[in-house]
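Data first, discussion second: the structure below is written as structure tokens.
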Amino acid sequence: MVSLSLVAIDLTILATAVPSVVKDLGGFEQFPWLFSIYVLATAVTTPLYAKVADRLGRKPVMVAGVVAFLIGSLLCGLAWSLTALIVFRAIQGIGAGAIQPMAMTIVSDIYTLEERAVATSYVASVWATAAIVGPTLGGIFADFLDWRLIFLINLPVGAVALWLLRHFHEVRKPAPTTRIDWSGAGLLTVGGIALLLGLLEGGHAWAWLSPVSLTIFAIGVAALVAFAFVERRAADPVLPPWVLRHRVVAPANAASLTVGVIMLGLTTYVPLYAQSVLGHSALVAGFALAGMSIGWPIAASTAGRIYLSRGFRTAVALGALLVIAGQVVLATVGEGSSFWHLALPCFVLGLGFGWSVNPGVVAAGSAVDWEVRGVATGSNMFARSVGSALGVALFGAVANGLVRREYAGGEVPPLEELPADVLAPALHVVFLVGLAVSAALLLVAWFTPVRIRKTEF
């Protein structure tokens, strides 16, 4: 839990300090890369870490991830320019790619299915605490102390995590081979970086049909096609094809991917609506979104009672209905709406996410043996990262397309500078698209098994 807290707090602590960072280091046009590069590095390294953990054990991978994260944090705290800070954020992301999936895999290793219902509530409490502590610490460090403490505070926390990991003795089953599919890992890394980069920056850093965008997507597609061919012939593939057809893992990954898409509509456009349309401050806008971060761990901590008594399908279905209900209410927000009209559906959506995703993660870890549990858990985290990138592309294309139509080919100002009467209709459509996407969770629930047993792939 201490190791996981490094990643959980890091996801929220930097956002409130961006103005101070840019004021000190300059490079305002580059600051989105502080987040994009971290997501990229985390996403593309997760499948490889997961595979290595199934061969060499969870503990060495977790230790390596924490060390990499601490090195990145120290360098971030010493950064002399925004470019340097972006590079060091990538090192942080490389470490984070190991920490989160290993934490969930270790929970699956050491607890029974019934015990995981309680254990996951403790894990969820880390994220709930981070949702409050992260932005608060970020604001305090940026306003009253030094923004560099945002990164340097990780060093004592990470030292405690490493000390505690010394006392963790895992029962590791002997692997049939310790060979790693490096060719497949390389192709997945190249293809994943290109695909995610194209989705994250397309329509923003460059036009969708620009030569840069087309080249990046072409590289991504070519690498992923080559990856598929290599994996079919690899003796021990880094991302085995059975992940896509497993009766438990595949629905769990589909739920994570779908939630990843929807979350981007919330984390990007709810604060924008609160500030630019309803006229609230940045702090109040952050509180509107905090409901999701609080609702998710609450649902995750109570999901065990549902899937243990009623089955996993019921838990995911209830979560899907809550997500749909939250999106319906969010789609009714208007220019005269109150703060609570925006905040309450975010809380409901958080509850829905917790009941849709967390039972799937537990189910996936319970349905496979130790030797492939890392891959099963890692593929779930990777699916959410891909979903987030798809969400950036989907919602960004919708919002920007509607705004461009309003300006009829003229110069379009940034979204945050648009007048409310132009921005509100565009974001209303964005919320409707989120509602349409959320319906896919009901389909995922239909394919989720009621009870879990270890299955062959």
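What is the fewest-to-most order of ASP181, ASP54, ASP24 by other Cβ atoms lying within 10 Å of their Cβ?
ASP24, ASP181, ASP54
What FRET efficiency comes out for SER337 versus ARG247 if R0 is 25 angstrom and r is the Cβ-Cβ distance? Round to the nearest 0.05.
After rounding, the FRET efficiency stands at 0.05.
With the crude spin-label approximation of a point 7 Å out along Cα→Cβ, what separation in nm comes out for PHE144 versus LEU165?
Going from the PHE144 label point to the LEU165 one covers 3.3 nm.
Let a ≥ b ≥ c be the square roots of the eigenvalues of the Cα gyration tensor of the range 181-235; is it rounded (a/c under 1.5), or, if not, prolate (a/b larger than b/c) or oblate?
Prolate shape, in that a/c is at least 1.5 and a/b is the bigger ratio.
Readers should treat all values here as calculations from the given coordinates under stated rules, not as data from a laboratory. Computed from a predicted structure; not experimentally measured. Counting neighbours? That spans all protein chains shown, and the Cβs are built from the backbone with ideal geometry, glycine included.
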